[in-house]
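The values are calculated or read from the model by the stated rules, or taken from the named source; none is laboratory data. Bear in mind the structure is a predicted one, so any value in this text is a computation, not a measurement. A quick note on method: Cβ atoms are made from the backbone with ideal geometry, for glycine too, and the neighbour counts reach across all protein chains shown. The protein model used for the area step is the full one, side chains on, heavy atoms only, and it has no ligands, DNA or RNA in it. Shrake-Rupley method; radii C 1.70, N 1.55, O 1.52, S 1.80 Å.
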Amino acid sequence: MLRIGGRTLSIKDCPGFASARGLMFDSLKDKDGALIYANNIWMPFCRPLDLYFLDAKFRVLQKQKADPITLNRKTWRIYEDKKASYCLEIRQGMTNIRKGAKIILK
């Protein structure tokens, strides 16, 4: 769970091998995002997401808007921040977390 500005978000924890899957194939009916234990992701079989790259102390380093991979080669990319330890995936447009903000997960 993640609390932002009076709103509680349901976040899927994805340690280890689960980080490779993240939100792929998941319905977003009962969850708002996922915490990935990596500094890069790719987006097959997902919906548009906001990606918050976090340092080891869970401070926001940067935000990127991510679109799923399609047959269009322009969408074939890996989103990354080499300084990050984690990537917080959240449904696009749900929240806006400022750079430098500390994320507290419960």
Inset, instruction - Tally the residues that are more than 19 Å from Lys99 (Cα to Cα), modelled with pLDDT of 80 or more and crowded, with 16+ Cβ neighbours inside 10 Å, restricting the search to the stretch 42-68. - result: 1
Legend entry - Close pairs (6 angstrom Cβ cut-off, 6 or more residues apart or separate chains): among the β-branched types (Val, Ile, Thr) in the stretch 44-69, in a loop (DSSP other than H, G, I, E, B) and open to solvent by 60 Å² or more (accessible area, probe 1.4 Å) anywhere: Val60/Lys99; Ile69/Trp76
Inset, instruction - Residue by residue through the stretch 79-96, note down the ones that are within 13 Å of the chain's Cα centre (by Cα) and either open to solvent by 50 Å² or more (accessible area, probe 1.4 Å) or under 15 Å from Gly33 (Cα atoms) (or both). - result: Glu80, Tyr86, Cys87, Leu88, Glu89, Ile90, Arg91, Gln92, Gly93, Met94, Thr95, Asn96
